[in-house]
1. Quantify, in whole percent, the carbon and sulfur part of the accessible surface of the range B:194-243 (1.4 Å probe; protein heavy atoms only).
2. With a 1.4 Å probe and all protein chains in place, put B:ARG190, A:ARG133 in order of accessible area, largest first.
3. To the nearest 100 Å², how much accessible surface do chains B and A hide from each other in total, with a 1.4 Å probe?
4. Calculate the dipole size of the range B:19-323 relative to its Cα centre from +1 charges on Lys and Arg beta carbons and -1 charges on Asp and Glu beta carbons; express the result in debye to the nearest 20.
5. Evaluate 2.2 N^0.38 Å with N set to the residue count of the range A:2-188, then give the Cα radius of gyration divided by it.
6. Does anyone have the angle between helix A:67-84 and the longest principal axis of chain A? Alpha-carbon axes, 0 to 90°, nearest 10?
7. For the range B:19-323, what is the relative contact order in percent, using Cα pairs closer than 8 Å and at least 6 residues apart in sequence?
8. How high is the FRET efficiency from B:ASP285 to A:LEU118, r the C-beta distance, R0 51 Å, rounded to 0.05?
Amino acid sequence: MRAGVFALCLLPFAWLVYSAATAGLGPDPAESIMHITGEWALRLLLLTLLTSPLRRWSGWPVVLKLRRMLGLYVFFYASVHLMSFCHFYIGWTVGALIEELAERPYITVGFAAWLLLLPLVVTSTRGMQRRLRRNWRRLHRLVYVVAVLACCHILWQARSDIGEPLIYILLFAILLAWRVKRFTARQKN
Amino acid sequence: MGLNMRKRFSIPRIASSEITSESAYLKRRDFIRAAGLAAAPVVGGLSLHSEAAKSTGGAALDYVAATPGVGGFYTDEKATPPGDIASYCNFYEFGTGKGDPAHYAHEMTVDPWSIEISGAVHKPGKLHLEDIISGFDLEERIYRLRCVEAWSMVVPWVGFPLAALLQRFEPTGKARYVEFQTLHRSDEMRGTRSYTSIIDWPYREGLRLDEAMHPLTLMSVGVYGKTLPNQNGAPVRLVVPWKYGFKSIKSIVAIRLTETRPATSWETLAPREYGFYANVNPQVDHPRWSQKSERRLPSTLFNPNRIATRMFNGYGEQVAHLYQGMDLAKSY
């Protein structure tokens with residue numbers, strides 16, 4: 001099960017590598033690489049947030065075991081996304097990166113989301129989970145901030161058709177609503 | 001004039017053996033495709049760029065080839081391959097993806113076609129496709145094309161000056177601007193049927209009359225010597241090489257001369273991001289990205305081909321005088 005999901009999550013990246021090697025990305029690989037890595041980072045993030053509700057509904061404990069892997073994949077795709085930006089758009093110059101971060105809010109927001117993933121990745125091991133105890137759960141609530149930032153990032157970069165960003169935002173809103181509902185229900189009891 | 005003459009001879013000529021013909025390009029692509037298929041038969045069909053994307057237009061045109069030297073009509077920069085020009089397009093009427101126009105533009109009927117010319121002209125009327133293709137002296141112009149999204153190409157267009165068309169309809173003394181309109185036929189343009197698109201169709205563009213009458217301003221009917229592929233704006237489109245690509249409106253059905261500045265699509269949608277002038281200007285950034293440099297296509301993984309963007313896309317010598325005394329940071 002875990003090996004299967006691992007392979008599935010790797011597919012978009014494998015497809016990118018294959019297409020890049022066979023010139024299948026067309027005359028402007030930057031565009032498709034940025035698009036595909038960014039989209040998959042967000043999709044996997046939403047999938048990560050789906051694990052808790054899915055376990056509730058299905059009762060399969062195995063679903064929760066996939067959460068860490070999915071989360072790490074989010075970081076993987078977000079990192080390739082950021083690296084592609086540095087490579088294609090600013091040519092690895094620090095000055096240009098600082099200028100982009102200072103002047104373009106959607107890039108600031110995207111970069112902040114990536115930064116907030118770092119502590120989550122570092123504390124993703126079982127050992128860290130044990131050591132941090134209750135604080136681990138508190139820390140990992142940062143994932144909601146990351147999701148909000150990621151949604152802003154994708155909505156902000158849309159030029160004329162906001163259909164796709166709206167779908168992601170709607171899905172995130174549903175996942176969030178489920179948690180809010182559960183939380184308020186627990187408060188009442 | 002004397003300066004121009006000297007320039008004419010300062011540009012090195014390219015030996016004809018160095019220029020790759022379209023058929024050679026296509027053969028090379030076939031070879032690459034065959035190699036790819038042999039290596040991975042299972043995923044061979046999984047390409048972003050379909051067969052349709054590789055079609056590069058139709059009938060051969062009769063035109064005078066571009067030669068080095070005259071006022072910006074020619075560049076010796078490496079031309080972008082025809083397959084790339086035909087597969088990587090912004091034509092939102094067919095979808096916002098770069099590959100969408102190549103996939104879906106064949107659904108647009110381009111024959112019969114006519115352009116209606118109206119407004120401040122002495123002889124308003126219609127131009128039919130036959131009159132457009134055979135009624136003007138066609139010439140080749142090799143222009144740089146700089147998209148507002150910070151990528152660029154070098155394109156060998158075939159067309160005629162817009163001035164020649166406008167003169168035929170005799171603009172009146174009141175004409176100060178020219179407004180253009182793209183075809184809007186929703187059953188043939190799937191992008192215009194999107195409920196989440198915030199563009200108010202039809203697509204509209206405009207120029208000041210002096211910009212429209214400038215010799216660089218071209219009405220293009222072809223690329224690489226053949227009629228335009230639909231996705232590149234068939235059967236007739238505008239090309240204004242010193243402005244961002246979105247000014248070069250595609251598949252034109254109406255031209256109106258006006259006294260007041262026309263409302264244009266992108267300016268209406270996001271006035272802070274897209275101005276009426278939209279002159280290529282590395283000093284004025286788009287609010288969401290830098291305009292200081294561009295990716296000259298084809299760009300590859302290991303060679304992104306990032307080059308510095310030039311003022312007026314390198315056509316300053318020809319057009320800078322049009323904007324004398326204007327603050328281009330404000331009139332962007």
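1. Details: 740 of 1260 Å².
Reported share for carbon and sulfur atoms: 58 percent.
2. Working: B:ARG190 90, A:ARG133 185 Å².
Per-residue accessible area, sorted high to low, gives A:ARG133, B:ARG190.
3. Working: alone 16150 and 12020 Å², together 25320 Å².
Protein heavy atoms only, the B-A interface buries about 2800 Å².
4. On the way: 34 positive and 32 negative charges, 144 e Å.
With only Lys, Arg, Asp and Glu charged at Cβ, the dipole is about 680 debye.
5. Numbers: Rg = 17.6 Å, N = 187, 2.2 N^0.38 = 16.1 Å.
Ratio of Cα Rg to 2.2 N^0.38 Å: 1.10.
6. Taking the Cα atoms of chain A, the angle to A:67-84 is about 20 degrees.
7. Details: 615 pairs, mean separation 60.9, N = 305.
The value is 20 percent.
8. Details: r = 29 Å, r/R0 = 0.57.
With a Förster radius of 51 Å, E is 0.95.
The values are calculated or read from the model by the stated rules, or taken from the named source; none is laboratory data. Values in this document were obtained by computation on a predicted structure and should not be read as measured data. Counting neighbours? That spans all protein chains shown, and the Cβs are built from the backbone with ideal geometry, glycine included. The area values use the complete protein model at the heavy-atom level, side chains included, leaving out ligands, DNA and RNA. Shrake-Rupley method; radii C 1.70, N 1.55, O 1.52, S 1.80 Å.
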